[in-house]
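Okay, so here's the structure we're looking at.
The values are calculated or read from the model by the stated rules, or taken from the named source; none is laboratory data. As the structure is a computational prediction, the values presented were derived from the model and not from experiment. Here the Cβ is made from the backbone with ideal geometry for all residues, glycine too, and neighbour counts use every protein chain on show.
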Amino acid sequence: MKIKIALLNGDGIGPEVTAQAVKCLQAVEETFGHEFILTEAKVGAAAIEATGDPLPKATLALCKESDAVLFGSIGDPKYDNDPDANVRPEQGLLRLRKELGLFCNIRPIKVFPTLMEKSPLKKKIIAGTDFVIFRELTGGIYFGEKSLSEDGTTATDSCTYTEKEVSQIAHLAFKAAKGRRKKVTLVDKANVLESSRLWRRVVKKIAESYPEVTLDFMFIDNAAMQLLIKPTQFDVILTENMFGDILSDEGSAIGGSIGLLPSASIGENYALFEPVHGSYPQATGKDIANPIASILSVAMLLDHFKLDEESRAVVIAVLKSIKKGIVSPDLSTSSKYGTNHIGDFISGNIRDSDDYLILNKENIWLGKSTII
Ligand code: NAD
Ligand code: IPM
Ligand code: MN
């Protein structure tokens, strides 16, 4: 298969982790006889430095003419620490999501059995955790009207949702649930927010077309707690943009590190794959960032193109690195392995190993069911 991929490394640890993901893509390309055409473009702070724009026209054009986007991370302390900066790296990612119509962000959260003791939570609480967050990605408070009064003392961000925005992601969440444990939990704040009440009405109606799926509702404040006391109760969490952002970082603690969490952002015409984490500026250039979130984002990319065997090969190589203790310092404080070495090990395993042909599907971390 020939796939054109726009490679947007971004800032901070972005380039370091995507470099490892690219090694894995190349290993898949060679092992399985595909052609992955990778073209790089700037985004975020790196793009602001070069062009003044966090999403230059050429970058957007490249993404639009590609079959998929592999994204690193954006963000820089220079902007984080300057609330007065009008041009910000994050605007590049937000505009890209909007321009590509990536309304559905899929963030699977599972615990690796061999990493259970890395979680701050007790083993008996997290054992068997396997849920996926369907986060709405192009609406809500992120994209509502913003204003700041002239005297700078009053600021507004409004949260707007339309029935269409809710229903398009809700359908995808129900379809995913059909292939999983058949449960959708809508997380909202319908006791306070009008936009959440719209979500409840629309999602309730859509649920009627999926009689085999159970729908339940949970307020965001309770969900934030339930995630820590009984994460195994969740199958598919459906939620709006901001709640999904917060819940996914919280969820990353269950499995031991945010450095493990990949994501896929899907729309009608485009797809983008990126880690859940950010640019982790404290780690830039230190060869300590965990590359697994980026590598598993490649697995999600391969799944998206129905390259099941290939995706499985990537996941198995990741599992092997974890099992052998070839992990970054976020998972083992005494680790002597760096980002690059881990990338070499995982990509080397994709090349060398043929166990993915015989391994039981039970062992696969990213089940097919998480991806549509
Ligand atoms: P962050 O995700 O960059 O880092 C938070 C913490 O998570 C780190 O201190 C580190 O302990 C851990 N971490 C993150 N990635 C890791 C990895 N690969 N390996 C090991 N540990 C890892 O979030 P932040 O510090 O809140 O934000 C830093 C910058 O990143 C900000 O500018 C923010 O806007 C941006 N950001 C970008 C994205 C994105 O590009 N999608 C996502 C989140 C944050
Ligand atoms: C994420 C990030 C982004 C978001 C930021 C960088 C705009 O936190 O991808 O989770 O809030 O969506
Ligand atoms: Mn986030």
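In the range 41-50, which residue that is among the hydrophobic types (A, V, I, L, M, F, W, C) and crowded, with 18+ Cβ neighbours inside 10 Å is farthest from ligand 3 (Cβ to nearest atom)?
Ala41
Could you please let me know if Glu240 is touching a Ser or Thr at 6+ places or on another chain (Cβ under 8 Å), modelled with pLDDT of 95 or more, closer than 27 Å to Met116 by Cα and not small (Gly, Ala, Ser)?
Here the answer is no, as Glu240 does not meet what is asked.
Which residue out of Thr129, Thr114 is under 18 Å from the mean Cα position of the chain (by Cα) and of a type in the set (S, T, N, Q)?
Thr129
Looking only at residues that are in a helix (DSSP H, G or I) and without any contact (Cβ under 8 Å) to a residue 60 or more places away in the chain in the range 8-35, which one is surrounded by the most Cβ atoms within 10 Å (Cβ to Cβ)? Before the answer, list the steps.
Applying the first criterion (in a helix (DSSP H, G or I)) to the range 8-35 yields 14-32.
Going one step further and asking which of them are without any contact (Cβ under 8 Å) to a residue 60 or more places away in the chain, we end up with 15, 22, 29.
Details: Pro15: 18, Val22: 22, Glu29: 18.
Per the stated criteria, the residue is Val22.
How many residues are of a type in the set (A, V, I, L, M), over 21 Å from Leu25 (Cβ atoms) and part of a helix (DSSP H, G or I) if we restrict to the range 314-334?
0
Being part of a loop (DSSP other than H, G, I, E, B) and charged (D, E, K, R) is the filter here, so list the residues in the range 127-151 that pass it.
Glu145, Glu150, Asp151
Rundown of residues vs (1) without any contact (Cβ under 8 Å) to a residue 60 or more places away in the chain; (2) hydroxyl-bearing (Ser, Thr, Tyr), yes/no style:
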{"site": "Gly267", "(1), (2)": "no, no"}
{"site": "Phe273", "(1), (2)": "no, no"}
{"site": "His277", "(1), (2)": "no, no"}
{"site": "Gly285", "(1), (2)": "no, no"}
{"site": "Met300", "(1), (2)": "no, no"}
{"site": "Asp308", "(1), (2)": "no, no"}
{"site": "Arg312", "(1), (2)": "yes, no"}
{"site": "Val318", "(1), (2)": "yes, no"}
{"site": "Ser335", "(1), (2)": "yes, yes"}
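Looking at the range 239-257, which of its residues are under 12 Å from the mean Cα position of the chain (by Cα) and without any contact (Cβ under 8 Å) to a residue 60 or more places away in the chain?
Asp249
Being of a type outside the set (Gly, Ala, Ser), within 21 Å of the chain's Cα centre (by Cα), at pLDDT 95 or above and within 15 Å of ligand 1 (Cβ to nearest atom): is that true of Ile266 here? If you could, list the steps in order and put the result at the bottom.
Numbers: of a type outside the set (Gly, Ala, Ser): yes; within 21 Å of the chain's Cα centre (by Cα): yes; at pLDDT 95 or above: yes; within 15 Å of ligand 1 (Cβ to nearest atom): no.
No; evaluated as a whole, the condition is false for this residue.
Being crowded, with 16+ Cβ neighbours inside 10 Å, in a loop (DSSP other than H, G, I, E, B) and of a type in the set (A, V, I, L, M, F, W, C) is the filter here, so list the residues in the range 51-89 that pass it.
Result: Leu55, Ile74.
Quick one: count up the residues across the range 199-225 that are under 21 Å from the mean Cα position of the chain (by Cα) and surrounded by fewer than 19 Cβ atoms within 10 Å (Cβ to Cβ).
Within the range 199-225, residues that are under 21 Å from the mean Cα position of the chain (by Cα) and surrounded by fewer than 19 Cβ atoms within 10 Å (Cβ to Cβ) number 1.
Of the conditions (1) closer than 26 Å to Gly325 by Cβ; (2) in a loop (DSSP other than H, G, I, E, B); (3) free of Cβ contacts under 8 Å to residues at least 40 places away in the same chain, Leu121 clears all except one; give me its number.
(3)
Pick from Ser311, Ser297, Ser265: which is within 15 Å of ligand 2 (Cβ to nearest atom), assigned to a helix (DSSP H, G or I) and surrounded by 24 or more Cβ atoms within 10 Å (Cβ to Cβ)?
Step by step, each of Ser311, Ser297, Ser265 is checked, and only Ser297 is within 15 Å of ligand 2 (Cβ to nearest atom), assigned to a helix (DSSP H, G or I) and surrounded by 24 or more Cβ atoms within 10 Å (Cβ to Cβ).
Taking interchain pairs and intrachain pairs at least six residues apart, which have beta carbon atoms under 6 angstrom, with the first residue in the range 337-357 and assigned to a loop (DSSP other than H, G, I, E, B) and the second at pLDDT 95 or above and of a type in the set (Val, Ile, Thr)?
Pairs that qualify, where the first residue is assigned to a loop (DSSP other than H, G, I, E, B) and the partner is at pLDDT 95 or above and of a type in the set (Val, Ile, Thr), are Tyr337/Ile326.
Having 3 or more residues that are of a type in the set (Gly, Ala, Ser) and touching a residue at least 24 places away in the same chain (Cβ under 8 Å) is the bar; report the helices (runs of 4 or more DSSP H) wholly within the range 152-238 that clear it.
In the range 152-238, the matching helices (runs of 4 or more DSSP H) lie at 163-178, 194-207.
Somewhere in the range 79-87, is a residue in contact with a Lys or Arg (Cβ under 7 Å, 6 or more places away or on another chain) and within 19 Å of Gln282 (Cα to Cα)?
yes
Would you point out the residue of the range 61-78, among those that are over 13 Å from Pro281 (Cβ atoms) and of a type in the set (A, V, I, L, M, F, W, C), that is nearest to ligand 3 (Cβ to nearest atom)?
Out of the qualifying residues, it is Phe71.
Could you tell me which of the residues Ile48, Ile109 is closer than 21 Å to Ile295 by Cα and not in a loop (DSSP other than H, G, I, E, B)?
That would be Ile109, the only listed residue that is closer than 21 Å to Ile295 by Cα and not in a loop (DSSP other than H, G, I, E, B).
Output yes when any residue across the range 360-367 is over 19 Å from Gly33 (Cβ atoms), modelled with pLDDT of 90 or more, touching a Phe, Trp or Tyr at 6+ places or on another chain (Cβ under 8 Å) and in a loop (DSSP other than H, G, I, E, B), and no when none is.
no
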